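The values are calculated or read from the model by the stated rules, or taken from the named source; none is laboratory data. A quick note: this is a predicted structure, and the numbers were derived from the prediction, not measured. Note that we place each Cβ from the backbone using ideal geometry, even for glycine, and neighbour counts take in every protein chain shown. Side chains are part of the model used for accessible areas, which takes the heavy atoms of the whole protein and leaves out ligands, DNA and RNA. Shrake-Rupley method; radii C 1.70, N 1.55, O 1.52, S 1.80 Å.
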Amino acid sequence: MSSNSSGVAGRYAAALFEIAEERKQLDEVATDTSTIRAWIGESSDLRRLVASPVIARDDQRRALAALLAKASMSELTSNFVGVVAQNRRLFVLENMCAAFHSLLAKSRGEISAEVTTVLPLSEKQQQTLTEELRKSIGSRVVLNTKIDHTLLGGMVVKVGSRMVDSSLKTKLQRLEFSLKGTA
C-alpha cells in the first residue's frame, strides 16, 4: 500500500469511525467491514471489480450496493461504500476497512494483529492464536484475518511494526536463496 493510498484509507476510515461512534453503531460497522475484507480477500472477481479503473463508477456502485443489500449490511456501511465508489476510491476499500478496525481497537485499548493465512482459520485456531498473542504482548489482541493463496501454508502475523512470517512460501524462498548461496 503506497503512503498516498494509506492516507486516503486513513481519512475515510476516520470519517466512518466518527459517524459510527456518533450513531452508536461501531460493532455493527465492525462486523460489516470484517465481512467486506473477507469477501475481497476471498474473491478474485470482487478484487477486480474494486480495483478496475475501466469499470464505470456507477456499475461498481450498483454491483456493490446489490451485494451489500443481499448480505443485509447496515445502512451506514452501505452508504459509506457508495460514497467510496462515487469518489473512485474502491481500490483502497480493503485498506479502509483495516484502518477502521485499527481505530476501533485503539479506542478500546486493544492491539490489532494482522493475520494472513492461505485458508480461513477456524474459531478454535483464532482463539488459540489470540490467547498466545495476548500472553506474548501483554494486552488484549484483536485479529484481523486475510486470505492469501500464494502463501502455500503457514501464516504471517503483524502486530504493530513486528512481523512473524512462518509461511511456507517464505521458507521456500529462504531455502532457495541459501541453496543459491552455496552453489
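In table form, for the structure just shown:
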{"quantity": "Number of the exception - Q60 against (1) free of Cβ contacts under 8 Å to residues at least 12 places away in the same chain; (2) more than 24 Å from L103 (Cα to Cα)", "calculated": "(1)"}
{"quantity": "Yes/no for V29 being at pLDDT 95 or above and in contact with a Ser or Thr (Cβ under 6 Å, 6 or more places away or on another chain)", "calculated": "yes"}
{"quantity": "Cross-chain or 6+ apart pairs with Cβ under 7 Å, region 131-146 first and part of a loop (DSSP other than H, G, I, E, B), then open to solvent by less than 40 Å² (accessible area, probe 1.4 Å)", "calculated": "R140/E110"}
{"quantity": "Pairs where the first residue, in region 166-181, is under 16 Å from D148 (Cα atoms) and the second is surrounded by fewer than 10 Cβ atoms within 10 Å (Cβ to Cβ) and modelled with pLDDT of 80 or more, C-beta under 7 Å, 6+ apart", "calculated": "K169/T150"}
{"quantity": "Flag for T77 being β-branched (V, I, T) and over 24 Å from D148 (Cα atoms)", "calculated": "yes"}
{"quantity": "Residue match in region 102-118 (condition: over 17 Å from the mean Cα position of the chain (by Cα) and of a type in the set (S, T, N, Q))", "calculated": "yes"}
{"quantity": "Residue satisfying all of: in region 85-122; outside any helix (DSSP H, G or I) and among the polar types (S, T, N, Q); surrounded by the fewest Cβ atoms within 10 Å (Cβ to Cβ) among these", "calculated": "S122"}
{"quantity": "Some residue of region 144-162 being under 21 Å from V29 (Cβ atoms), touching a strand residue (DSSP E or B) at 6+ places or on another chain (Cβ under 8 Å) and of a type outside the set (K, R)", "calculated": "yes"}
{"quantity": "Hey, T128 closer than 22 Å to S43 by Cα, part of a helix (DSSP H, G or I) and open to solvent by 20 Å² or more (accessible area, probe 1.4 Å) or not", "calculated": "no"}
{"quantity": "Residue match in region 53-60 (condition: open to solvent by less than 50 Å² (accessible area, probe 1.4 Å), at pLDDT 95 or above and either within 19 Å of N144 (Cα to Cα) or assigned to a helix (DSSP H, G or I) (or both))", "calculated": "no"}
{"quantity": "Unmet criterion (only one of (1) loosely packed, with under 13 Cβ neighbours inside 10 Å; (2) under 29 Å from S52 (Cβ atoms); (3) of a type outside the set (G, A, S)) for R162", "calculated": "(2)"}
{"quantity": "Any hit, region 167-181, residues being touching a Gly at 6+ places or on another chain (Cβ under 8 Å), at pLDDT 85 or above and part of a loop (DSSP other than H, G, I, E, B)", "calculated": "no"}
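Per-residue answers, yes or no, for (1) touching a Phe, Trp or Tyr at 6+ places or on another chain (Cβ under 9 Å); (2) open to solvent by less than 30 Å² (accessible area, probe 1.4 Å); (3) within 27 Å of T117 (Cβ to Cβ); (4) in a helix (DSSP H, G or I):
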| site | (1), (2), (3), (4) |
| --- | --- |
| T33 | yes, yes, yes, yes |
| I36 | no, yes, yes, yes |
| M73 | no, yes, yes, no |
| T77 | no, yes, yes, yes |
